[in-house]
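A.B. asks: A single structure is presented below for examination.
The values are calculated or read from the model by the stated rules, or taken from the named source; none is laboratory data. Remember, predicted model here, so these are calculated numbers, not experimental data. Methodologically, a virtual Cβ is constructed for each residue, glycine included, from the backbone with ideal geometry; neighbour enumeration extends over all protein chains shown.
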Amino acid sequence: MVQATSASVRKKFFIRVQRAFMVRRLCAGNIVRKAEASVDTPAFVIQFPAMIRITALVSLFTLSLAPAAAQADQIADIRKNGELVCGVLGTDEPESFVDPKTRKIIGYDVDLCEAIARKLGVKPQIKQLSVAARIPELLQGRVDILAASLTHTKEREAVIAFSLTTFVTGQRVMVRRDSGIQSLAQLAGKKVVTVKGGTQEPNVRKAVPRVEVVTFETAPQAFVALQQRKAVGFVNDEVSLLDAYAKLGAAQKDYAVLPDSISTEALALGLRKNEPALKSLVDETLRELEKSGAAEKLFFKWFGPGTRLNFQKRNFKLETDRITE
Amino acid sequence: MELLENYWLYFLVGQFPNGPLGGLALTILLGAGALLLAMPLGVLLGLARVSHSRWLRWPVTALVYVVRGTPLLMVVFWAYFFLPSLTGQKTGQFATMLAALVIFNGAYLAEIVRAGIQGVPRGQWESAQSLGLRYVSTMRRVILPQALRNMLPSLVNQFVTTLKETSLGYIIGLSEVSFIASQINNQVLTQPLAIYGIAALTYFLICFGLSRLSYSLEARLNA
Amino acid sequence: MSQFDFSVVLTGEFRHWLVSGFLLSLKLTGITWLLALPLGSGIALCRLSSVTALRWFGATFVEVIRNIPLLMHLLFWYFAVPELLPWPARDWLNTHGAESICAVIALTLYTAAYMAEDVRSGIRAVPATQLEAARALGFGFLASMRRIVLPQAIRITVPPLISQTLSLWKNTSIATVIGTAELMYQAQRVETATFRGVETFVVTTVAYLSVSLLITAGAVWYQRRFPVRAS
């Protein structure tokens with residue numbers, strides 16, 4: 001094998017083999033000597049000690065390739081399993097919620113996930129998560145991607161990666177009209193409710209330092225608490241809030257959504273860090289959806305005229321994953 | 001009641017077949033599965049607790065005390081966050097809840113098994129010894145069968161407790177009875193008493209039925 | 001995140017959260033215990049009384065409450081029952097810590113049902129002749145219970161009651177679902193804010209274990225100091 005290659009290549013090989021040989025000697029003792037001494041060793045190994053060195057070299061090469069292989073692993077894993085596991089909330093209409101008639105989970109986030117699964121050529125598998133469990137489940141590897149009304153924040157960037165921003169909204173507070181509260185500042189000293197494990201609690205505490213916050217496992221549960229007058233305010237993403245407000249129907253006259261936002265939320269899909277191939281595939285899918293107009297159609301399907309929310313226009317595009325702080 | 005008409009299927013089986021199994025079916029499956037898997041663990045730990053070897057007894061006793069001194073919810077969170085790194089596999093909420101219940105109930109069953117073993121008359125040990133049986137054979141053929149028979153009422157009670165413990169799946173988003181009841185309530189909003197009342201009634205009927213069974217078993221065994 | 005850094009969880013704001021949660025858990029346990037013990041004893045006496053209606057009431061109370069999970073009790077008392085109250089009562093409740101009050105109510109009823117059974121078996125363990133002798137001496141039912149039977153029953157009842165106290169301590173963790181800011185609730189909050197699951201949960205587990213082991217040690221001490229005398 002060595003004799004068949006050209007001279008310069010042989011020279012490079014020889015230098016590398018020398019280095020590899022030195023490393024192996026340091027680590028594991030002299031294999032060539034052992035091979036020569038062993039009775040059971042095949043003849044060609046004894047005759048060509050260089051073979052051993054080549055094997056050592058090849059194994060070092062393979063090991064150096066391994067990190068790169070690990071990076072492409074997630075896409076390969078997903079394709080091997082034949083399905084993309086998407087973590088969704090299932091309790092946040094209309095991003096992801098359970099359709100009472102078919103008992104399936106549907107929504108804006110679910111449709112985005114299905115588009116990505118189509119791009120990968122696999123089936124989408126929708127997995128329901130609680131708000132507090134989104135990031136842990138992604139980090140543990142139980143889900144491949146998060147399509148769960150996840151806000152892109154600087155703090156979270158330390159632990160996970162984000163796709164292009166898929167939705168821009170703010171967080172607002174819905175109050176009972178009979179509490180007489182008309183601005184955020186009046187919430188000081190009063191009780192508001194929201195969901196555990198999201199950005200709502202820290203944001204409202206930052207906006208109104210003396211507010212009292214009680215959190216529940218799901219946002220709808222917190223909304224029920226508001227309606228049962230257990231608190232004066234309910235904090236949530238603007239879209240979810242407006243959807244809940246619209247669902248009130250006749251009872252809308254008892255509630256009002258305060259005009260001030262307590263934060264701007266850039267929602268995006270969540271990915272594990274160190275998976276550049278998957279991230280670029282996801283971003284590419286989102287860009288394609290934007291270019292073909294499918295993204296805007298999706299927005300209007302779930303949030304546009306004719307839906308409960310009745311947004312007349314979309315104030316963002318699927319184009320960037322930078323957030324302003 | 002239109003409430004029952006609209007939601008009975010969701011309550012009984014969750015999203016199945018359009019999604020994972022949930023509701024009452026899930027609760028019963030989880031409870032039964034957890035107890036069946038916890039039995040071997042409980043027997044092993046119980047045997048360790050009565051063993052003559054200090055090296056076996058003390059660590060297991062410490063483990064049992066630690067598990068029994070921790071709230072089940074804590075064990076659920078531990079399983080939830082760290083089971084995948086231990087087993088190297090993705091685990092869903094069902095597997096997490098199952099693992100937590102198996103560990104927790106294993107520790108409690110250890111005590112029940114220990115009490116059962118110590119309740120077998122000494123005469124049995126002595127006769128087995130005089131017949132030439134060694135420790136392991138004695139356990140396997142003489143003591144454990146009798147102990148397990150005596151433990152049956154306690155085992156049924158433990159099953160009832162396990163069924164109630166499945167309700168903690170609510171907190172990690174597992175679609176068991178309590179979670180589904182809350183989901184329905186969050187949609188309907190106007191009938192919390194009826195919804196939670198029906199869920200509570202469901203638990204009551206199943207658990208009460210099983211504890212009646214345990215009473216009759218106990219009566220029959222003591223007769 | 002590959003290194004465990006306990007100082008994040010044990011200093012400043014997060015430590016304050018965890019400590020306040022721990023104190024609330026202790027408060028819930030204490031208040032519930034003080035309410036549940038008399039209630040449980042009362043129910044036990046109902047079950048032992050000669051009045052059929054009281055016996056039926058006691059049995060129903062115990063069976064219904066014990067066969068429904070604590071989580072359901074908490075959801076029921078927090079989300080379902082207040083809707084039945086008149087508005088002034090509801091508003092008073094909501095401005096005065098409904099979460100903690102409903103948690104105490106649910107926990108009290110749940111624990112009382114279990115304690116009732118323990119007290120009942122303790123009383124039944126006292127030979128019937130004691131009660132008969134007391135009645136023969138002219139004591140009424142309640143007086144003979146109070147002076148003769150219960151003092152003897154207490155020694156037998158205390159170990160199971162201590163084990164119920166241990167269960168109660170652990171059960172306070174479930175109150176997190178109705179927003180009660182006890183230790184488990186605060187632990188979830190700290191975990192969300194710091195992304196440090198291991199450290200948070202280790203600290204919380206140690207906190208729960210410390211009190212659990214104290215209670216267990218108390219039981220062992222009691223059984224050594226006041227062993228049950230053979231009658």
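A.B. asks: Quick one: would you say B:Pro20 is over 20 Å from the mean Cα position of the chain (by Cα) and touching a residue at least 12 places away in the same chain (Cβ under 8 Å)? Lay out the reasoning, then the answer.
C.D. replies: On the way: over 20 Å from the mean Cα position of the chain (by Cα): yes; touching a residue at least 12 places away in the same chain (Cβ under 8 Å): yes.
In short, yes.
A.B. asks: Determine, yes or no, whether C:Gly138 is surrounded by fewer than 21 Cβ atoms within 10 Å (Cβ to Cβ), on the phi > 0 side of the Ramachandran plot and more than 16 Å from the chain's Cα centre (by Cα). Full working, then the answer.
C.D. replies: Working: surrounded by fewer than 21 Cβ atoms within 10 Å (Cβ to Cβ): yes; on the phi > 0 side of the Ramachandran plot: yes; more than 16 Å from the chain's Cα centre (by Cα): yes.
The answer is yes for C:Gly138.
A.B. asks: Also, I was wondering about something else. On the given criteria, is C:Tyr114 within 25 Å of B:Ala194 (Cα to Cα), among the aromatic types (Phe, Trp, Tyr) and either in contact (Cβ under 8 Å) with a residue 60 or more places away in the chain or surrounded by 20 or more Cβ atoms within 10 Å (Cβ to Cβ) (or both)? Give the steps one after another, and end with the answer.
C.D. replies: Details: within 25 Å of B:Ala194 (Cα to Cα): no; among the aromatic types (Phe, Trp, Tyr): yes; either in contact (Cβ under 8 Å) with a residue 60 or more places away in the chain or surrounded by 20 or more Cβ atoms within 10 Å (Cβ to Cβ) (or both): yes.
It is false that C:Tyr114 is within 25 Å of B:Ala194 (Cα to Cα), among the aromatic types (Phe, Trp, Tyr) and either in contact (Cβ under 8 Å) with a residue 60 or more places away in the chain or surrounded by 20 or more Cβ atoms within 10 Å (Cβ to Cβ) (or both).
A.B. asks: Within segment B:62-121, count every residue that is within 20 Å of B:Ala48 (Cα to Cα), within 10 Å of chain C (Cβ to nearest Cβ) and of a type in the set (Phe, Trp, Tyr).
C.D. replies: Going through segment B:62-121 one residue at a time, the tally reaches 1.
A.B. asks: Is it the case that some residue within segment C:197-204 is touching a Gly at 6+ places or on another chain (Cβ under 8 Å) and either surrounded by fewer than 24 Cβ atoms within 10 Å (Cβ to Cβ) or among the hydrophobic types (A, V, I, L, M, F, W, C) (or both)?
C.D. replies: Going residue by residue through segment C:197-204, those that are touching a Gly at 6+ places or on another chain (Cβ under 8 Å) are none.
Checked against the condition, which is being touching a Gly at 6+ places or on another chain (Cβ under 8 Å) and either surrounded by fewer than 24 Cβ atoms within 10 Å (Cβ to Cβ) or among the hydrophobic types (A, V, I, L, M, F, W, C) (or both), segment C:197-204 yields no hits at all.
A.B. asks: Now for a different question. Give me the pairs: first residue in segment A:236-247 and farther than 17 Å from A:Gly198 by Cβ, second residue hydroxyl-bearing (Ser, Thr, Tyr) and at pLDDT below 85, beta-carbon distance under 9 Å, and six or more apart or on different chains, which are they?
C.D. replies: As it stands, the answer is A:Ala246/A:Thr307, since those pairs meet every condition given.
A.B. asks: Hey, another quick one. Among (1) on the phi < 0 side of the Ramachandran plot; (2) modelled with pLDDT under 90, which single condition is B:Thr162 missing?
C.D. replies: Of everything listed in (1) on the phi < 0 side of the Ramachandran plot; (2) modelled with pLDDT under 90, B:Thr162 misses just condition (2).
A.B. asks: Could you grab me the full set of residues in segment A:167-193 that are of a type in the set (Ser, Thr, Tyr) and in contact (Cβ under 8 Å) with a residue 60 or more places away in the chain?
C.D. replies: Step one: list which residues in segment A:167-193 are of a type in the set (Ser, Thr, Tyr), which gives A:169, A:179, A:183.
Listed by number, the residues that qualify are A:Thr169, A:Ser183.
A.B. asks: What's the number of the condition B:Lys164 fails, among (1) in a helix (DSSP H, G or I); (2) more than 14 Å from every other protein chain (Cβ to nearest Cβ)?
C.D. replies: Of the numbered conditions (1) in a helix (DSSP H, G or I); (2) more than 14 Å from every other protein chain (Cβ to nearest Cβ), the odd one out for B:Lys164 is (2).
A.B. asks: While we're looking at this one, here's another question. Out of all the residues in segment C:94-105, which are without any contact (Cβ under 8 Å) to a residue 60 or more places away in the chain, small (Gly, Ala, Ser) and surrounded by 19 or more Cβ atoms within 10 Å (Cβ to Cβ)?
C.D. replies: Answer for segment C:94-105, where residues must be without any contact (Cβ under 8 Å) to a residue 60 or more places away in the chain, small (Gly, Ala, Ser) and surrounded by 19 or more Cβ atoms within 10 Å (Cβ to Cβ): just C:Ala98.
A.B. asks: Right, another one. Considering only segment A:120-138, I want to know if a residue exists there that is crowded, with 23+ Cβ neighbours inside 10 Å, touching a Leu at 6+ places or on another chain (Cβ under 9 Å), among the acidic types (Asp, Glu) and at pLDDT 90 or above.
C.D. replies: no
A.B. asks: For segment B:195-206, which residues satisfy the criterion of being surrounded by fewer than 22 Cβ atoms within 10 Å (Cβ to Cβ) and in contact with a Leu (Cβ under 9 Å, 6 or more places away or on another chain)? Walk me through it before giving the result.
C.D. replies: Of segment B:195-206, the ones surrounded by fewer than 22 Cβ atoms within 10 Å (Cβ to Cβ) are B:197-198, B:201-202, B:204-206.
The answer is B:Ile198, B:Thr202, B:Ile206.
A.B. asks: Looking only at segment B:20-49, how many residues end up being small (Gly, Ala, Ser) and surrounded by fewer than 20 Cβ atoms within 10 Å (Cβ to Cβ)? First the steps, then the outcome.
C.D. replies: Filtering segment B:20-49 for residues small (Gly, Ala, Ser) gives B:22-23, B:25, B:31-34, B:38, B:42, B:46, B:48.
With the extra rule that they be surrounded by fewer than 20 Cβ atoms within 10 Å (Cβ to Cβ), the set shrinks to B:25, B:32-33.
Count: 3.
A.B. asks: How many residues does segment B:126-146 hold that are in a helix (DSSP H, G or I) and in contact with a Lys or Arg (Cβ under 9 Å, 6 or more places away or on another chain)?
C.D. replies: Of segment B:126-146, the ones in a helix (DSSP H, G or I) are B:126-130, B:135-146.
Filter again for in contact with a Lys or Arg (Cβ under 9 Å, 6 or more places away or on another chain), leaving B:128.
So the answer is 1.
A.B. asks: Also: When the residues of segment C:136-182 are narrowed to those that are charged (D, E, K, R) and within 14 Å of chain B (Cβ to nearest Cβ), which ends up farthest from C:Cys102 (Cα to Cα)? Lay out the reasoning, then the answer.
C.D. replies: Looking only at segment C:136-182, we keep the residues that are charged (D, E, K, R), and these are C:146-147, C:155, C:170, C:182.
When the remaining residues are screened for being within 14 Å of chain B (Cβ to nearest Cβ), the result is C:170, C:182.
Working: C:Lys170: 17, C:Glu182: 13 Å.
Top of the filtered list is C:Lys170.
A.B. asks: Within segment C:141-186, can you find the residues that are closer than 30 Å to C:Phe79 by Cβ and either surrounded by fewer than 16 Cβ atoms within 10 Å (Cβ to Cβ) or hydroxyl-bearing (Ser, Thr, Tyr) (or both)? Outline the logic, then answer.
C.D. replies: Just the residues of segment C:141-186 that are closer than 30 Å to C:Phe79 by Cβ, to begin with: C:164-186.
Passing the criteria: C:Thr165, C:Ser167, C:Thr172, C:Ser173, C:Thr176, C:Thr180, C:Tyr185.
A.B. asks: Filter segment C:57-82 for residues that are β-branched (Val, Ile, Thr), under 22 Å from C:Asp118 (Cα atoms), surrounded by fewer than 23 Cβ atoms within 10 Å (Cβ to Cβ) and within 10 Å of chain B (Cβ to nearest Cβ) and give the result. Spell out the reasoning first.
C.D. replies: Of the residues in segment C:57-82, the ones β-branched (Val, Ile, Thr) are C:60, C:62, C:64-65, C:68, C:81.
Pick out the ones that are also under 22 Å from C:Asp118 (Cα atoms) and you get C:60, C:62, C:64-65, C:68.
After this cut, where a residue has to be surrounded by fewer than 23 Cβ atoms within 10 Å (Cβ to Cβ) as well, the list is C:60, C:62, C:64-65.
Selection gives C:Val64, C:Ile65.
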